[in-house]
Amino acid sequence: MVDSQALPTGILGFPITPFKKTDRIDEQALEANIRFLLDEGLSAIFIGCGSGEFQSLSMEEYQFILELAVHATNGRVPVFSGVGGNISQAVKQADLSAKAGVNGYLIMPPYLVEGEQEGLYNYYKAISECTELPAVIYQRGNTIFSLHTLRRLIEIPQVKGFKDGYGNMEKNIEFIKTVGDRLGWFNGMPFAEVTMPAYWAIGYRSYSSAISNYIPHISRMFYTALEKQDEEMLDELYREAILPINRIRKQRQGYAVSLIKAGMEIMGLPAGDTVRAPIVPVEPEHYKQLEVVLNNVMSKFPVRFATGG
């Protein structure tokens with residue numbers, strides 16, 4: 001069983017939330033996605049976060065997927081939930097997370113409003129302190145912390161981790177060199193493999209991997225190459241897999257989610273039938289582009305190559 005207070009390191013799994021054509025959650029597809037990530041060796045499950053279309057879930061649906069994730073994982077790796085939105089909603093989600101038995105939560109940026117540093121501190125403080133669960137604070141969008149605010153937040157015992165989706169390396173260096181191992185450090189940039197070598201160089205050892213939902217062996221190969229500083233392998237993975245997929249991802253807003261579902265479908269994995277607004281499905285032309293890339297990836301890097309089989 002996992003340590004209930006330990007933060008994961010390595011490749012972090014962020015399952016999708018699959019929906020049926022009736023717009024109901026596809027329970028079997030979600031459980032299959034989680035078990036697939038577990039079997040592929042990912043170090044944690046982050047349920048109901050960005051790739052899980054967090055913003056579109058009702059509270060009842062949210063509670064359902066938490067309980068399903070805890071059951072499906074069965075203590076093999078830590079389970080973290082995504083909490084956020086308005087502060088009362090976030091506190092309610094944190095309470096549901098504690099009752100569901102998750103190991104911690106990722107606090108998403110507050111809805112829409114750009115607050116001053118004092119306001120951001122109060123938001124993250126209230127959510128972090130409302131349970132005893134470890135909290136990971138998330139910097140991106142309308143939530144950019146100053147060093148002073150981060151120092152105040154780490155006085156809260158429940159604050160255990162920091163996830164960066166902003167990408168300002170000067171700020172990241174200042175944070176990690178000042179705060180050090182008081183926090184676990186997660187790269188949460190869109191398509192984190194693209195930027196991970198820069199984050200690795202300053203001490204980040206964990207990242208959220210969208211492509212692990214459909215080509216996890218590439219995620220593992222990439223992480224191993226980082227550990228070994230195998231520049232030749234990194235260059236090849238960038239040329240053949242990471243950058244081509246990222247170019248498709250950037251063609252439309254929302255593809256950070258819907259492209260995952262398209263990739264899963266292409267690879268024969270259950271991904272549900274739709275996404276929820278405001279996210280749009282992958283357009284046919286881009287779907288075909290992804291098919292070409294993934295066929296090339298599987299030709300050059302078959303699973304047996306990644307596992308040594």
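All of the numbers you see were taken from the coordinates with simple rules; none came from a lab. From a predicted model like this one, the values you see are computed outputs, not experimental measurements. Counting neighbours? That spans all protein chains shown, and the Cβs are built from the backbone with ideal geometry, glycine included.
Quick rundown of the values:
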{"item": "Dipole-positive endmost among 271, 106, 96 within the chain (Cβ charges, Cα centre)", "result": "106"}
{"item": "Amide H within-cut-off set for residue 206, under 5 Å, with H built and near neighbours excluded", "result": "10, 187"}
{"item": "Extension gain (nm, one decimal) between residue 253 and residue 232, 0.36 nm per residue minus Cα-Cα", "result": "4.4 nm"}
{"item": "Burial ordering of 171, 99, fewest other beta-carbon atoms within 10 Å first", "result": "99, 171"}
{"item": "Long-range amide H partners of residue 76 with built H, under 5 Å", "result": "none"}
{"item": "Region 1-102 shape via C-alpha gyration tensor axes, a/c threshold 1.5", "result": "oblate"}
{"item": "Sequence-distant residues sharing a close amide H with residue 85 (under 5 Å, placed H)", "result": "111"}
{"item": "Gain in span if fully extended, residue 95 to residue 296, counting 0.36 nm per residue against the direct Cα distance", "result": "67.9 nm"}
{"item": "Cα-Cα pairs of region 155-298 separated by more than 19 Å (percent)", "result": "56"}
{"item": "Prolate/oblate/rounded call for region 115-230, Cα gyration tensor, a/c under 1.5 rounded", "result": "prolate"}
{"item": "Gained length - residue 178 relative to residue 151, 0.36 nm times residue gap less alpha-carbon distance", "result": "8.8 nm"}
{"item": "C-alpha center-to-center spacing [region 205-229, region 26-58] in angstrom", "result": "17"}
{"item": "Options (i) 6, 27, 32, 20, 9, 4, 1, 0; (ii) 6, 29, 37, 23, 5, 0; (iii) 5, 21, 25, 22, 17, 8, 2, 0 - which one matches P(r) over Cα pairs in 10 Å bins from 0, in percent as calculated here", "result": "(ii)"}
{"item": "Electrostatic dipole magnitude of the chain [Cβ: Lys, Arg +1; Asp, Glu -1; Cα centre; debye, to 20]", "result": "100"}
{"item": "Among 266-273, 178-185, 91-98, 228-235, the order from most to least packed when residues are scored by Cβ within 10 Å on average", "result": "91-98, 266-273, 178-185, 228-235"}
{"item": "Packing-based ranking, highest mean first, of 50-57, 80-87 given that Cβ atoms within 10 Å are counted", "result": "80-87, 50-57"}
